[in-house]
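The block underneath contains the structure these notes are about, expressed in structure tokens.
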Amino acid sequence: MKSKIFKIVMAGTLAVAGSSLSWNSKSLAAAAFNETFEQGNASAWSTQYGTWSVVSAGEGHAYKQSALDKEARAYAGEDRWSDYRVDGDVTVLDFNGSNRAMIAGRYKDGNNYYAASLTGGDKLELRKKVNGSSTTLVSKDFISQENHTYQIGLVFSGSKIEVYVDGVLQLSAVDGDLTNGSIGLIGYKTVVQFDNIVVTEDGGSDPDPIVAEPTPTPIPEPTPQPSEPGAAQNNVFEPQSVDGASSYALGGFAAGVTGGGVIAENTSTYRKVYTASDLAAALKKGSGVKVIEIMNDLNLGWNEIPAAAKTAPFAQHSNAPLTHPVLLKSGVSNITVEGFDGLTIFSTNGSKIKHATITVKRSSNLVIRNLEFDELWEWDEATKGDYDRNDWDYLTIENSHKVWIDHSTFHKAYDGLVDVKKGSTGVTISWSKFMGDNQSSTGWVAQQINAMEKSRAQYPMYDYLRSLGLSAADIIAIASGQKKGHLIGATDFASDNANLQVTLHHNYYQNIQDRMPRLRGGNVHAYNIVMDASGTLAAKQRLTSKIESAIKSKGYHFGVTSNGAISTEGGSVLLEGSQIIDVLSPVRNNQVSASKSEYTGKIKVVDTIYTLKGQTFRGGSETSGSPLAPKPAAVKPFAWNGFSKLPYSYTVENPSGLKEKLSSASGAGVLSLSKAEWMKTVEK
């Protein structure tokens, strides 16, 4: 259990770092007691009442108390212990009402001890029991979730007693009734598991450290939380080295965004979201919430969410599903994030959001990180494959300022993936992955095709494609690419298009057919991105010219578009240090008519690697004979709109090897960082 041993050391280190005891600046003595229950027994413990057993838990074992009738106690250690700290993991499986789970210290017997107590009544308490009489020394509101593990620390120094939760100081009191004693684990009418119990004495001398066995993958050390609940830290983090990249810090047009800041989990402005109802409450206009942590995957289709969630900011999407078997059951919701100033939405585990579109309106200073968006595409018979009905984008930014979308994954959608509209400014999308379907036999597209295959007559376009000799596998392969990436500016020549500002960097676009990005007016800066359309180019070979002509003659739209970065209507796009793979039209400056100059945009490419069917070119749009020269209209000289140079600094990396970097475990898409790191935006 190597990872478990490492966890014990880290937990102890973090808790000590947050301590304000007088010996905090000293070296700590070696652990006086260290219990992981990995031997499969609890031979060091004595019990009084309750039903105690060592059980399997996660990757290891834990000590479980399962009786619900009285105060169950287990105790261990030495009565001589005086000034020390005890840390342990506490997971309540059933509070059985407003009952308690406790870690005790200076434990003399069942009638004399101090204890840090989590209650089902949403309280955190520092309790004292002397001569059988219980007293609450200090308490605070604290929402304790069942089946969630809390690392509890109880620290004694003379008459001063402190309680920590997950390394954050929560309670402090002064009391001198009990001066020494062992440790205890207590379940008062609760089902609870305890694990990783560590006692460290104040030795006042150089320690004999606990040595962690090396782990195959080092776990990043958590950054300590604010010492006072609700107090924000500086919104900074230490730079990391990521395969040559300096860090994951915020950059681009969104520079300066802080989101909700770094705040303690137990404050009213920090919400842990487990359900659609939780999310509805957190995103309600005027909620005052600053940080939303998505704890698990969320199925948010209109038919999936409870009645309590069917209110603003949730609404049934105006375009109901027509063909996909899953969406026909789940429905689709639209979630409106409106009127927020300073908000962070993130997940530590890369949770998925499914069956919903999200529209950000009239908001500023927003951060969206480490989320995955999925299951929002269906076959389009209604507009004959033109995909011009449903208007399902995962994220749409409207009339908003300073938005950072980072380290997120976007799967195939009916319409766009992330669109920016209505004059939104200061938007950065970074280290994210945008991808088509995986073409597996159980994938999202295959589920759709399999459903239509069973009743082809109900789907005239699909039936016609099959009649042309295309197999179901052919159609899955061709349909699996994502049609649209980013539309920047929704309406031709809208007056607010000139205000649009978007930075795209370190994004991986896999089998996206168009709009990386497509700009109408305004400014887009893209650097160190990868457009990899090798899969869609291979799928295109399944369509012969005869089949393509037959499809067109029936007014159907079924094929593979192959465009890269596009600038139109006077917009300015600068693409630097990137890789473009198997995109047939990598750089475009007009999508209406080459003869109508008002529809032409400005676009420039610098030091980019372009590979098409095995042939590679490295250079820019202005290199003689460059395949990256803008087409199809006459080239307009590049210049930014509204300023002479970019209003931020940045570093462009060598594009060689960029695909490998961004497709690695520490590249684009979801990533493993600590909660504090996800809430921070700026390098220290």
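Remarks
- Candidate aspartates and glutamates - alpha carbon under 17 Å from Lys361, same-chain residues fewer than 8 apart omitted: Glu338, Asp341, Asp391, Asp393, Glu398, Asp419, Asp496
- Whole-number percent relative contact order across the stretch 563-609, with pairs defined as alpha carbons under 8 Å at least 6 apart: 52
- The charge dipole of the chain, taken about its Cα centre with unit charges on the Cβ of Lys, Arg, Asp and Glu (plus for the first two, minus for the last two), comes to roughly 1920 debye.
- Selection of chymotrypsin sites (Phe, Trp or Tyr not before Pro), the stretch 637-683, meeting DSSP coil and at most 16 other Cβ within 10 Å: Trp640, Phe643, Tyr648, Tyr650
- Label sites at Lys140 and Trp640, each approximated as a point 7 angstrom past Cα along Cα to Cβ, lie 4.4 nm apart.
- Taking the Cα centre of the stretch 286-367 as origin and assigning +1 to Lys and Arg Cβ atoms and -1 to Asp and Glu Cβ atoms, the resulting dipole is close to 120 debye.
- Among Ser467, Ser572, Ser567, the ranking by other beta carbons within 10 Å of each residue's beta carbon, starting with the fewest, stands as Ser467, Ser572, Ser567.
- Averaging the sequence gap over all C-alpha pairs within less than 8 Å and six or more residues apart, then dividing by the number of residues, gives the stretch 131-200 a relative contact order of 20 percent.
- The stretch 385-459: C-alpha gyration tensor shape, a/c 1.5 cut-off, then a/b vs b/c: oblate
- Local electrostatic count at Gly489 - Lys and Arg +1, Asp and Glu -1, tallied over other residues with Cβ under 12 Å: 0
- Computed over the chain: relative contact order in percent, which uses C-alpha pairs under 8 Å that are six or more apart: 10
- Gyration tensor (alpha-carbon) shape descriptor, the stretch 75-119, a/c threshold 1.5: prolate
- In angstrom, the C-alpha Rg and Dmax of the chain are 29.1, 93.
- Net charge of Cβ neighbours under 9 Å - reference Glu71; Lys, Arg +1; Asp, Glu -1: +4
- Inter-label distance for Thr651 and Leu468, nm, one decimal - labels placed 7 Å from Cα along Cα-to-Cβ: 5.0
- Hits among aspartates and glutamates - C-alpha to C-alpha of Lys454 under 15 Å, sequence gap 8 or more where chains match: Asp463
- Spatial separation of Cα centroids for the stretch 295-357 and the stretch 68-107, in angstrom: 40
- Segment Ser666..Ala312, full-extension length gain: 123.8 nm, with 0.36 nm per residue of separation and the alpha-carbon distance subtracted.
- Between the beta carbons of Asp69 and Asp109, assuming R0 = 25 Å, the FRET efficiency works out to 0.80 to the nearest 0.05.
- Environment charge of Asp607, counting only residues whose C-beta is closer than 14 Å and scoring Lys/Arg +1, Asp/Glu -1: -1
Since every read-out is calculated from the coordinates, none of them should be taken as a lab result. This structure is a prediction, so every number in the text was calculated from the model and none was measured. Neighbour counts run over all protein chains shown; Cβ positions are idealised from the backbone, glycine included.
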